[in-house]
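What follows is a short report on a single structure.
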Amino acid sequence: MKKHLSKIIFALIVVAFTIACAINAPIGEAVGSLWSLLPPVVAIGLALITKEVYSSLFIGILAGGAIYAASSSSGFEGMFTAVISDGLIANLSDSYNVGILIFLVVLGIIVVLMNKAGGSRAYGEWAATHIKSKVGANLATFALGALIFVDDYFNCLTVGSVMRPVTDKHKISRSKLAYLIDATAAPVCIIAPISSWAAAVSGTVEGVNGIQLFISTIPYNLYALLTLLMVVYVSCTGLDFGPMKKHEENAANGDLFTTRNKVYDEDDKPSHTKGKVLDLVLPVLILIVLCVVGMIYTGGFFSGAGFVNAFADCDASYGLSLGSMAALLIIIVYYLARRVLTFTECTDSIAAGFKQMVPAIIILTFAWTLKTMTGLLEAGPFVSGIVEEATAIRILLPLILFAVAIGLSFATGTSWGTFGILIPIVTGVFETELANVSGTSDIPSMVIICIAACLAGAVCGDHCSPISDTTIMASTGAQCDHVNHVSTQLPYAMLVAGVSAVGYLISGFVQNVFVVLGVSLALMLAVLITIRAVTKKKSA
């Protein structure tokens with residue numbers, strides 16, 4: 001009955017949204033109107049209701065193609081041209097996307113190699129003697145995620161492959177592991193000056209040093225900082241609420257998945273028992289070092305550019321695929337030299353690694369295509385126009401930008417695209433104030449707060465969205481059912497978003513980092529302590 005009720009409610013929401021779209025603009029004028037947000041609404045809603053992500057994304061894509069075809073009066077031919085040619089084929093032939101897929105596949109192969117060699121087993125045995133509690137396993141996952149701050153994709157997949165044996169041993173649900181991974185991926189990268197995210201942000205503002213401006217936004221990036229605080233608190237206290245509580249209770253009874261126990265094939269079982277901890281640690285270190293080298297290489301470091309500038313100008317996709325491919329070759333040679341794997345076992349791991357990444361590749365491909373549909377319908381300019389109309393109330397601008405960034409990132413599944421759209425709007429709004437700026441230190445506090453609000457909202461929407469690359473990567477790294485990860489993480493992300501919204505409301509009136517950050521941190525702790533007390537009382 002509950003399932004039918006939720007479907008009926010969703011159908012009513014879609015009908016109401018469609019009516020609102022029709023009132024906003026006729027179907028023939030769908031481009032750049034409220035119609036542009038209907039495809040992601042359909043896809044995301046269906047995914048949460050049906051628990052089936054592939055078909056939900058595909059239906060959202062078809063809805064986008066249909067709206068675009070109706071708007072351009074091109075009929076069925078225009079619809080399938082948009083979906084197949086402009087969508088699937090264009091995204092699978094895009095060099096940046098292909099680089100990410102290569103990186104995914106190579107990382108999957110490396111994970112299979114490490115497991116076949118017995119490195120993961122050895123690490124699990126080592127961790128069993130050093131990490132003796134659930135709290136320790138949670139904090140170790142958080143610490144490893146915080147250390148791998150270079151790139152969120154790399155973070156998600158590496159932390160997942162390394163920590164899965166440890167968290168499984170301590171009966172931590174895969175949904176909880178996915179949350180720990182996701183909550184220490186983008187939030188860490190968005191406050192790390194040396195990361196692919198810093199490079200992306202620094203390229204969106206002209207006339208000032210992008211990296212220095214990025215650093216100045218860190219204390220005001222409330223969502224990222226409060227998320228990290230919440231992860232530590234939840235890890236130390238064992239606080240669970242919402243759907244996550246059920247998943248953790250099931251994990252304590254031996255069911256790590258709650259639904260769909262067989263999410264991934266176990267083709268990477270250890271082939272040998274003589275593997276050592278070094279057989280996991282060394283390959284991971286090689287991978288990290290070479291991925292960093294690959295990224296700064298693409299940024300011109302070896303052609304004379306400085307380290308920071310090389311990161312700012314790097315091609316993350318090419319750099320990660322280049323570094324991971326070089327790491328794969330070295331790791332294979334290492335395992336052959338150690339005689340923990342034969343050449344045949346190494347080559348067999350290639351197909352197994354690719355097979356492991358097929359779910360992520362399918363979801364990513366559909367997610368990219370859905371983003372293309374929203375792009376064809378000009379969802380970004382539509383949302384940015386709404387923001388520009390709201391700039392008359394400047395004192396509320398940080399809060400407005402934070403909320404809009406969440407909505408845009410959630411609907412499109414891209415945090416980079418979100419702040420790429422909104423930050424130029426912020427600089428346009430404050431064009432007069434920025435005209436006389438000679439350096440980053442002269443930038444008005446309100447500009448920095450507004451840019452930080454864009455970044456924070458982009459990460460928050462990215463966390464909540466089922467079609468977000470990072471959310472998909474976190475599910476893949478934890479080998480967790482994707483819809484389970486989204487549904488269990490959503491209440492946690494929304495809680496932090498609520499506290500962050502209060503912080504940005506305050507920042508509009510009191511442009512002081514100590515007041516804004518101090519009040520936000522105190523409020524976050526107070527809310528978490530209250531929730532813990534309430535949940536304890538209910539379970540007593």
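The values are calculated or read from the model by the stated rules, or taken from the named source; none is laboratory data. Remember, it's a predicted structure, so these values are computed and weren't measured experimentally. Glycine gets a Cβ as well: all are built from the backbone with ideal geometry, and neighbour counts include every protein chain shown. All accessible areas refer to the heavy atoms of the entire protein, side chains included, with ligands and DNA or RNA removed. Shrake-Rupley method; radii C 1.70, N 1.55, O 1.52, S 1.80 Å.
For region 391-399, check the following and say yes or no: at least one residue is within 23 Å of the chain's Cα centre (by Cα) and modelled with pLDDT of 70 or more. Within region 391-399 (the criterion being within 23 Å of the chain's Cα centre (by Cα) and modelled with pLDDT of 70 or more), the answer is yes, since at least one residue qualifies.
Selection of helices (runs of 4 or more DSSP H) fully inside region 140-194 by the criterion of at least 1 residues being within 20 Å of G461 (Cβ to Cβ) and of a type in the set (G, A, S) returns 174-183, 186-189.
Residues considered: F311, F302. Of these, the only one that is over 16 Å from V106 (Cα atoms), under 31 Å from the mean Cα position of the chain (by Cα) and either among the basic types (K, R) or modelled with pLDDT under 85 (or both) is F311. Out of all the residues in region 259-267, is one or more within 30 Å of G119 (Cα to Cα) and modelled with pLDDT of 85 or more? No, the conditions are met nowhere in region 259-267.
If the condition is being at pLDDT 70 or above and open to solvent by 30 Å² or more (accessible area, probe 1.4 Å), then region 38-49 contributes V41, L46, I49.
Output the residues belonging to region 309-353 that are under 26 Å from W416 (Cβ atoms) and either of a type in the set (S, T, Y) or open to solvent by 70 Å² or more (accessible area, probe 1.4 Å) (or both). Don't jump to the end; show me each part of the working.
Going residue by residue through region 309-353, those that are under 26 Å from W416 (Cβ atoms) are 309-327.
Of everything in region 309-353, those that are under 26 Å from W416 (Cβ atoms) and either of a type in the set (S, T, Y) or open to solvent by 70 Å² or more (accessible area, probe 1.4 Å) (or both) turn out to be N309, D313, S317, Y318, S321, S324, M325.
Residue by residue, here is whether (1) hydroxyl-bearing (S, T, Y); (2) free of Cβ contacts under 8 Å to residues at least 24 places away in the same chain holds:
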position	(1), (2)
L320	no, no
L328	no, no
Y335	yes, no
V340	no, no
F343	no, yes
T347	yes, yes
G353	no, no
P359	no, no
F366	no, no
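So which residues in region 500-510 are in a helix (DSSP H, G or I) and open to solvent by 40 Å² or more (accessible area, probe 1.4 Å), if there are any at all?
Within region 500-510, the first condition is being in a helix (DSSP H, G or I), and the residues that meet it are 500-509.
Of everything in region 500-510, those that are in a helix (DSSP H, G or I) and open to solvent by 40 Å² or more (accessible area, probe 1.4 Å) turn out to be V502, L505, I506, F509.
Out of region 511-536, which residues are farther than 20 Å from L495 by Cα and open to solvent by 70 Å² or more (accessible area, probe 1.4 Å)? Q511, F514, listed by residue number. Within region 171-192, one or more residues are open to solvent by 10 Å² or more (accessible area, probe 1.4 Å), modelled with pLDDT of 90 or more, within 17 Å of M473 (Cβ to Cβ) and of a type in the set (D, E, K, R). Residues that are at pLDDT below 90, surrounded by 20 or more Cβ atoms within 10 Å (Cβ to Cβ) and more than 30 Å from S85 (Cβ to Cβ) are absent from region 361-371 altogether. When region 294-339 is examined, which residues are found to be in a loop (DSSP other than H, G, I, E, B) and in contact with a helix residue (DSSP H, G or I) (Cβ under 6 Å, 6 or more places away or on another chain)? Within region 294-339, G299, G300, C314, D315 qualify. Inclusion of A405 among residues that are touching a Cys at 6+ places or on another chain (Cβ under 8 Å), modelled with pLDDT of 80 or more and small (G, A, S) is warranted.
Scanning for something surrounded by 24 or more Cβ atoms within 10 Å (Cβ to Cβ), at pLDDT below 85, of a type in the set (V, I, T) and in contact with a Leu (Cβ under 8 Å, 6 or more places away or on another chain), does region 86-103 turn up at least one residue? Walk me through it before giving the result.
Quick first cut of region 86-103, residues surrounded by 24 or more Cβ atoms within 10 Å (Cβ to Cβ) only: 87, 103.
When the remaining residues are screened for being at pLDDT below 85, the result is 103.
From the residues that got through so far, the ones that are of a type in the set (V, I, T) too are none.
No, region 86-103 contains no residue that is surrounded by 24 or more Cβ atoms within 10 Å (Cβ to Cβ), at pLDDT below 85, of a type in the set (V, I, T) and in contact with a Leu (Cβ under 8 Å, 6 or more places away or on another chain).
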